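For reference, the structure discussed in these notes is given below.
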Amino acid sequence: MPAFSQELVERLAQATSAMALTGAGISAESGVPTFRDPGGLWEEFSPQELANVEAFLDNPKLVQSWYAHRHAVVAEVEPNPGHYALAELERLLEDFTVVTQNVDGLHQQAGSTNVAELHGNIRRAYCIDCEAPAPEGALAPDGDDIARCPTCGGLLRPDVVWFGEMLPRKEVQRAEQATQRADVCLSVGTSALVYPAAAIPQQARANGAYVAEINIEPSAIADQIDETVIGKAGDVLPALLDAVRAIA
Ligand code: OAD
């Protein structure tokens with residue numbers, strides 16, 4: 001049985017509004033590699049090389065191929081019990097928002113409907129010239145071709161946030177509103193190293209929320225929040241859901 005406190009259970013059960021900030025760790029048990037753990041994505045590739053607009057313009061084929069590969073991984077995997085437990089919390093509680101740094105769409109696939117995607121979604125792509133959306137899978141053309149817009153011939157890029165880019169305004173607003181309202185904030189499977197997302201748990205706490213993180217090890221913000229629950233998201237979240245259900 002994961003070691004979360006009774007206080008966390010009671011606060012969630014009584015919350016008028018609650019939220020979860022999620023990171024790559026929640027999708028790890030689905031088979032999506034994280035960024036910074038051993039074997040993670042940034043170990044194999046440097047973000048400077050691939051996740052910025054200059055790298056893309058220098059070598060569009062390389063960057064498109066990397067994202068096409070990541071898209072192929074994501075298209076094959078399924079949500080895990082952690083994603084499903086958060087979707088269930090949305091149904092159980094009055095108001096529940098998932099704010100995710102993940103680009104894999106697995107929260108929506110698990111049934112969450114109130115999801116703010118701070119870093120975009122790897123299933124989408126668009127043209128850097130005319131901004132027209134491209135069909136899913138368009139970044140993986142046959143052979144050595146560079147993937148181009150069917151309408152204007154411009155380069156296609158994934159609809160994800162790269163280093164040095166602004167986060168999508170509407171998604172940020174939804175995240176800010178959820179952070180202001182939340183009585184409880186769960187920070188799940190994130191190293192809490194990449195800002196502005198990493199500031200959300202502390203902002204929620206400053207607004208009066210009870211903040212608990214769920215991670216296989218303490219994150220960078222562990223000493224600034226109320227509780228760290230050590231364990232896999234796919235074990236802890238279903239157990240937490242059951243405990244909340246028992247008293248809600
Ligand atoms: P990281 O790879 O930095 O962190 C993953 C976290 O998940 C670590 O703290 C792990 O300990 C934890 N973890 C691993 N497996 C877990 C499990 N089964 N259950 C619970 N926790 C687990 O990923 P993020 O924090 O999401 O941004 O990284 C933030 C951002 O950095 C990403 O969105 C991406 C990257 O640069 C962009 O691409 C803009």
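Of the helices (runs of 4 or more DSSP H) lying entirely inside the range 1-113, the ones with 3 or more residues being within 16 Å of the ligand (Cβ to nearest atom) and assigned by TED's automatic domain parsing to the domain that holds ILE216 are found at 25-28, 81-92, 106-110.
Among the residues of the range 155-168, is any assigned to a loop (DSSP other than H, G, I, E, B), more than 16 Å from the ligand (Cβ to nearest atom) and either in contact (Cβ under 8 Å) with a residue 24 or more places away in the chain or farther than 30 Å from PRO60 by Cβ (or both)? For the range 155-168, residues assigned to a loop (DSSP other than H, G, I, E, B), more than 16 Å from the ligand (Cβ to nearest atom) and either in contact (Cβ under 8 Å) with a residue 24 or more places away in the chain or farther than 30 Å from PRO60 by Cβ (or both): absent. Exactly one residue out of ALA140, ALA192 is assigned to a loop (DSSP other than H, G, I, E, B) and open to solvent by 10 Å² or more (accessible area, probe 1.4 Å), and it is ALA140. Scan the range 100-133 for residues that are under 14 Å from ASP159 (Cβ atoms), of a type in the set (Val, Ile, Thr) and in contact with a His (Cβ under 8 Å, 6 or more places away or on another chain) and the total you get is 2.
Looking at GLU49, GLU76, GLU88, GLU44, just one residue is among the acidic types (Asp, Glu), over 17 Å from ARG157 (Cα atoms) and in contact with a Leu (Cβ under 9 Å, 6 or more places away or on another chain), and that residue is GLU88.
The values are calculated or read from the model by the stated rules, or taken from the named source; none is laboratory data. Quick caveat, the model's predicted, so the values are computed rather than measured. Positions of Cβ are generated from backbone atoms using ideal geometry, with glycine treated the same way; all protein chains shown enter the neighbour counts. We work out accessible area using only protein heavy atoms, side chains counted, and drop any ligands, DNA or RNA first. Shrake-Rupley method; radii C 1.70, N 1.55, O 1.52, S 1.80 Å.
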